[in-house]
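The values are calculated or read from the model by the stated rules, or taken from the named source; none is laboratory data. Note that this is a predicted model, so its numbers are computed, not measured. With ideal geometry, Cβ positions are generated from the backbone for all residues, glycine too; neighbour counts draw on all protein chains shown. Note: accessible area is taken over every heavy atom of the protein model, side chains too, but ligands, DNA and RNA are not part of it. Shrake-Rupley method; radii C 1.70, N 1.55, O 1.52, S 1.80 Å.
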Amino acid sequence: MIGLFLSVTAFAMTSAQYLPADAELDHSIPSPESVLGWQPGEQRIDHGTLVRYLYTLAEKSDRVSIKVTGYTHEHRPLLQLIISSRENQTKLETLRQTHLQATETKNPDAPLVVWLGYSVHGNEASGSNAAPIVAWYLAASRSEYVKKLLANTIIIIDPSLNPDGLNRFASWSNANRSRNPVADRDGRIHNEDWPNGRTNHYLFDLNRDWLPLVHPESRARITEFHRWLPQVITDHHETGYDGFFFQPGVPTRQHPLTTQSNLDMTRALARYHARSLDDAGVMYFTEDAYDDFYYGKGSTYPDINGGIGILFEQPRVNGPLINRKSGPLTFAQAIHNHVRTSLSTLKGAWELRQELKNYQYQFFQTMQQRSAKAGFQAWVIGDDDDPARARELLSVFEQHQVQYRALSKEIKADGLVFSPGHAWVIPVKQRQFGVAQAMLETRTDFEDDTFYDVSAWSLPLAYNLPYARLARVPATTQDSKPARSHELATDAVAWIIPWRQLQAPALLEDLLEAGARVRVGTRPFGTGGTSGERKFREGSLVILAGIQDEDKSAEIFATLQEASVHGVAVHSSNTHLSESGPDLGTIHFKPVVRIKPLLVSGEGTRAYDVGEAWHQLDQRLGLAPVLVSLTRLSKIRLQDYTHLLMVDGNYASMNDDLKKRIVAWVRTGGILVTTQGAATWAESLCLTTGDCDKTQEEDLNESGEVEPMSYADFDNEKARLTIGGAIVSTRLDPTHPIAFGYREKLPLFRRGTTLLKASENPFATPVRYSSSPLISGYIGPERLAEMSNQPAVIAERHGAGLLVRFANNPLFRGFWRGTERLWVNALYFGSLVEKTNLPE
């Protein structure tokens with residue numbers, strides 16, 4: 001009977017079979033299968049097994065060194081292999097310095113540096129399964145070509161850019177693997193359960209995090225990137241297309257800041273990939289479907305840092321075998337294609353080494369020339385009365401090697417005032433001008449209106465910080481760390497915390513956990529002191545010493561003091577009397593209660609958005625988040641939770657009984673916070689008497705005819721109506737609890753086309769788009785017109801509860817720090833929103 005079955009092992013190959021015939025392998029160097037116990041392609045490698053093999057390889061080969069560059073959220077090690085000749089391994093630091101110097105002073109003898117990066121999307125696992133084969137080849141081959149290559153090249157291998165996702169997917173695929181391979185696309189192995197293995201622990205796409213640097217995986221990687229500044233860096237993925245893709249992408253969709261010579265060098269390397277895949281009879285394409293626009297991706301970030309980034313997209317296969325439209329594809333074939341293109345990269349880089357060295361040197365010369373013609377000499381960024389938020393952004397600059405200095409004399413620019421101690425200057429004349437420009441610029445004109453990802457990402461706008469361009473570099477001084485805050489007065493009758501601060505919400509949560517009775521000001525007020533009146537805006541937190549439980553007072557004060565030491569502004573007051581506005585004991589200071597939110601997750605919800613909410617609650621607020629699958633929501637006792645958090649998703653499957661339970665929960669005091677698709681869904685709830693009696697009028701075309709269009713114009717028309725990601729301006733009502741801590745204007749990230757049904761209550765819209773909202777990025781004219789002056793956030797009372805609807809995700813990718821407070825306000829201050837129904 002054995003002969004009747006086609007085993008999974010029939011689709012695997014030995015490591016040697018993946019490699020060139022002239023590899024001349026030294027079999028005393030352990031192959032992957034000799035350590036793993038199975039052949040590559042037989043199953044998915046998990047991260048622990050990958051680590052075990054690579055450490056074994058480094059131990060047995062004097063060509064290989066290995067180090068841990070950091071750890072993931074799940075504390076898996078982030079590994080870096082450096083492969084070069086034995087002689088080079090003894091002088092890596094000298095070679096690194098020689099290479100870096102060659103980016104400023106030409107040196108044809110400096111080493112070539114190539115970085116191979118695999119599987120930033122964990123469920124695109126053929127890359128990480130190819131990595132040990134490539135590493136073994138470089139360690140074990142005794143061919144003259146490999147000897148010459150390693151004598152003059154430093155090869156850096158990042159075997160798993162996303163260990164947590166890789167491990168999650170390996171468990172899924174291996175657990176659903178049958179002895180007899182299932183090629184049917186409907187098979188369970190080809191359709192992962194939510195959230196799948198693409199993302200990291202918090203369900204973030206790490207291939208969008210090269211610029212924002214929200215996660216430890218990205219921060220560790222960017223540190224090593226700038227330590228080595230590779231001439232070539234690869235980014236190995238999988239795709240839903242039938243053919244293998246390699247860059248360049250669509251030429252008209254390359255970012256305007258990327259040089260033409262970058263495209264030329266990418267095309268030169270592409271010829272080597274084409275030759276390798278042609279020889280193997282592999283179907284492929286290039287300069288189509290993908291772009292090189294957003295600098296937060298692994299194949300695009302190098303392009304603005306003097307390197308050549310190359311995206312490889314191998315047709316997807318989740319199991320040992322899958323039926324494609326163009327024929328069956330095995331996992332071993334997918335691995336083989338990544339091995340082929342890894343080796344074609346090395347071959348091309350080696351043969352074009354002088355061109356690549358010259359390109360990198362010339363890149364930095366070009367950036368200097370650009371900076372001289374920029375038309376301005378510096379940017380200035382203020383802290384918006386929140387040093388912590390500014391420091392977070394400055395930390396991102398530092399990690400990207402962007403230089404800045406502290407402003408030392410007050411200046412005015414673009415109608416704004418920037419003061420010493422509260423502003424920093426980024427000079428145009430610096431080595432990292434290209435990156436600085438990419439992080440700070442805004443643009444609304446594009447050669448091509450189609451974008452693979454977002455079209456705008458200006459970081460000062462993301463952090464909601466004031467900034468301006470300067471015609472001249474102002475007086476500056478060396479930046480210094482902020483002085484520690486003063487000791488708090490132990491005999492104060494009250495302590496006041498301005499809510500505008502980035503760290504104020506986490507401090508609030510700590511205080512509530514310590515049992516503090518915290519009140520929030522709903523009106524502006526001012527307190528006296530030796531230096532005059534200090535003014536506070538709506539949202540300021542007040543802790544009255546006299547109303548705290550005696551047994552908790554010490555811990556409350558220690559919490560306040562600890563926060564103050566770490567830079568949170570906490571002000572002491574020796575009286576309840578105010579110099580202006582309401583006194584601290586009035587009804588205008590409302591109690592803030594502990595919250596227990598329930599975050600809906602699972603099938604039907606958008607995993608990225610769930611992850612961003614989870615990350616905000618867990619990492620930034622210090623809350624223990626309760627995640628529940630949408631399919632289990634009907635079994636949950638909603639009364640045990642203060643908030644129901646629903647992100648973008650498809651909630652059409654929710655039955656009427658559950659919807660009625662949610663309505664009843666809201667009416668009795670629950671707070672329902674919804675974003676995008678969930679906000680649209682919430683508009684169907686019968687929260688107000690008579691809502692469900694209304695009928696929707698059909699929107700019929702009067703003529704009954706559709707304007708004919710050319711079939712070839714479909715892609716352009718789709719792009720015109722798609723909002724892939726742009727920055728827009730909004731107007732706020734800072735007296736509304738949802739907008740506490742803000743001024744009257746706020747840049748907001750707009751992705752998707754969700755439009756909120758306007759509220760009939762004139763007091764229920766704390767955030768509204770401006771009349772001409774586009775600040776940066778692409779939004780088609782129709783989409784721009786339909787959102788003009790429309791609501792961006794609506795908060796309406798229904799019975800004793802509240803429904804908050806966000807048209808956009810205020811937690812976008814974890815780096816849109818400027819709008820996260822809107823969502824946080826809905827958590828802590830949602831209960832403060834009062835009924836505002838005017839009398840008949």
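Could you name every one of the helices (runs of 4 or more DSSP H) located completely within segment 2-93 that has at least 2 residues being closer than 24 Å to residue 169 by Cα?
32-36, 47-60
Counting only helices (runs of 4 or more DSSP H) that sit completely within segment 118-222, those holding 3 or more residues that are under 24 Å from residue 88 (Cβ atoms) and at pLDDT 95 or above correspond to 126-140, 144-152. For residue 458, state whether it is open to solvent by less than 10 Å² (accessible area, probe 1.4 Å), among the hydroxyl-bearing types (Ser, Thr, Tyr) and at pLDDT 95 or above. Against the criterion (open to solvent by less than 10 Å² (accessible area, probe 1.4 Å), among the hydroxyl-bearing types (Ser, Thr, Tyr) and at pLDDT 95 or above), residue 458 qualifies. On the stretch given as segment 814-827, residues that are aromatic (Phe, Trp, Tyr) and out of contact with any strand residue (DSSP E or B) (no Cβ under 6 Å at 6 or more places or on another chain) total 2.
Pick from 838, 832, 822, 811: which is within 29 Å of residue 663 (Cα to Cα), touching a His at 6+ places or on another chain (Cβ under 9 Å) and among the aliphatic types (A, V, I, L, M)?
On inspection, the qualifying residue turns out to be 811.
Among the residues making up segment 788-811, those that are closer than 27 Å to residue 457 by Cβ and crowded, with 23+ Cβ neighbours inside 10 Å are 792, 793, 794, 804, 805, 806, 807, 808, 809, 810, 811. The residues of segment 167-200 that are basic (Lys, Arg) and either surrounded by fewer than 18 Cβ atoms within 10 Å (Cβ to Cβ) or over 28 Å from the mean Cα position of the chain (by Cα) (or both), listed by number, are 177, 179, 185, 188. Of note, residue 407 does not satisfy the criterion of being out of contact with any Pro (no Cβ under 9 Å at 6 or more places or on another chain), at pLDDT 95 or above, within 19 Å of residue 439 (Cβ to Cβ) and of a type in the set (A, V, I, L, M, F, W, C).
Screening residue 831 with (1) part of a helix (DSSP H, G or I); (2) open to solvent by less than 20 Å² (accessible area, probe 1.4 Å); (3) in contact with a strand residue (DSSP E or B) (Cβ under 8 Å, 6 or more places away or on another chain) gives one miss only, at (2). Just to be sure, is residue 288 in a loop (DSSP other than H, G, I, E, B) and either open to solvent by 10 Å² or more (accessible area, probe 1.4 Å) or touching a Ser or Thr at 6+ places or on another chain (Cβ under 7 Å) (or both)? It is true that residue 288 is in a loop (DSSP other than H, G, I, E, B) and either open to solvent by 10 Å² or more (accessible area, probe 1.4 Å) or touching a Ser or Thr at 6+ places or on another chain (Cβ under 7 Å) (or both).
The set of residues in segment 94-110 being open to solvent by less than 10 Å² (accessible area, probe 1.4 Å) and either in a helix (DSSP H, G or I) or not aliphatic (A, V, I, L, M) (or both) consists of 99, 103. Restricting segment 712-733 to residues that are open to solvent by 60 Å² or more (accessible area, probe 1.4 Å) and out of contact with any helix residue (DSSP H, G or I) (no Cβ under 9 Å at 6 or more places or on another chain), which is nearest to residue 768 (Cα to Cα)? That would be 731.
Across segment 461-493, the number of residues qualifying as open to solvent by less than 50 Å² (accessible area, probe 1.4 Å) and polar (S, T, N, Q) comes to 3.
Taking the criterion of being assigned to a loop (DSSP other than H, G, I, E, B) and either without any contact (Cβ under 8 Å) to a residue 24 or more places away in the chain or farther than 26 Å from residue 685 by Cβ (or both), the residues of segment 741-761 that qualify are 741, 742, 743, 744, 760. Considering each residue of segment 740-755 in turn, at least one proves to be in contact with an Asp or Glu (Cβ under 8 Å, 6 or more places away or on another chain), under 26 Å from residue 519 (Cβ atoms) and among the hydrophobic types (A, V, I, L, M, F, W, C).
Within segment 763-791, the residues that satisfy the criterion of being touching a residue at least 60 places away in the same chain (Cβ under 8 Å) and farther than 21 Å from residue 442 by Cβ are 763, 764, 782. Is it the case, given these coordinates, that residue 779 is crowded, with 23+ Cβ neighbours inside 10 Å, aliphatic (A, V, I, L, M) and touching a Leu at 6+ places or on another chain (Cβ under 6 Å)? It is false that residue 779 is crowded, with 23+ Cβ neighbours inside 10 Å, aliphatic (A, V, I, L, M) and touching a Leu at 6+ places or on another chain (Cβ under 6 Å). Checking each residue in segment 188-200 for being of a type outside the set (Gly, Ala, Ser) and touching a Gly at 6+ places or on another chain (Cβ under 8 Å) picks out 189, 190, 194, 195, 198, 199, 200. Hey, any hits in segment 762-779 for a residue that's under 26 Å from the mean Cα position of the chain (by Cα), within 22 Å of residue 614 (Cβ to Cβ) and in a loop (DSSP other than H, G, I, E, B)? No, because not a single residue in segment 762-779 is under 26 Å from the mean Cα position of the chain (by Cα), within 22 Å of residue 614 (Cβ to Cβ) and in a loop (DSSP other than H, G, I, E, B).
The listed residues are 277, 211, 263, 203, and the only one of them that is at positive phi and either among the basic types (Lys, Arg) or surrounded by 17 or more Cβ atoms within 10 Å (Cβ to Cβ) (or both) turns out to be 203.
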